[in-house]
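Working notes, beginning with the structure itself.
The values are calculated or read from the model by the stated rules, or taken from the named source; none is laboratory data. Nothing here was measured: the structure is a model prediction, and the numbers come from that model. Because the Cβ atoms are built from the backbone with ideal geometry, glycine has one as well, and the counts that use them run over all protein chains shown. Please note that ligands, DNA and RNA were not included when accessible areas were found on the heavy atoms of the full protein model with its side chains. Shrake-Rupley method; radii C 1.70, N 1.55, O 1.52, S 1.80 Å.
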Amino acid sequence: VQLQASGGGLVQAGGSLRLSCAASGSIGSIKAMGWYRQVPGKMRELVAAIISGGSTNYADSVKGRFTISRDNAKNTVYLQMNSLGPEDAAVYYCNVVLDPDGIYWGQGTQVTVSS
């Protein structure tokens, strides 16, 4: 299973970015897909996740600004990020939870927010 993330980059504070992550390979049943982020010296933290039934979960810090969605036909998960601030700068990682094969991670995409 491979995850290819894209969409990161440099954006001004208040701006928007859309991240994409496409899963490919021997994919069975996808239980969940999600986005995490990490800054140097800190633990990787959950940003948003979407469960197979469509339920979503967000970190408190991004509620109302970020939206996670999924295209089941393309095995792709998206993260629409609006009103970005310096606190959102990080490397963003996507992951997929498969049943029964486990958890897979993408390579990470850098998001930089200039003030």
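Key figures
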read-out	value
Gly106 closer than 11 Å to Trp35 by Cα and in contact (Cβ under 8 Å) with a residue 60 or more places away in the chain	yes
Among (1) touching a residue at least 40 places away in the same chain (Cβ under 8 Å); (2) out of contact with any helix residue (DSSP H, G or I) (no Cβ under 7 Å at 6 or more places or on another chain); (3) under 17 Å from Trp105 (Cβ atoms); (4) surrounded by 14 or more Cβ atoms within 10 Å (Cβ to Cβ) - the single one Leu46 does not satisfy	(1)
Pairs, first open to solvent by less than 10 Å² (accessible area, probe 1.4 Å) in the range 64-88, second part of a helix (DSSP H, G or I) and of a type in the set (D, E, K, R), C-beta under 7 Å, six or more apart	Met81/Asp88
Subset of the range 89-115 that is outside any strand (DSSP E or B) and open to solvent by 40 Å² or more (accessible area, probe 1.4 Å) - its residue that is modelled with the highest pLDDT	Gln107
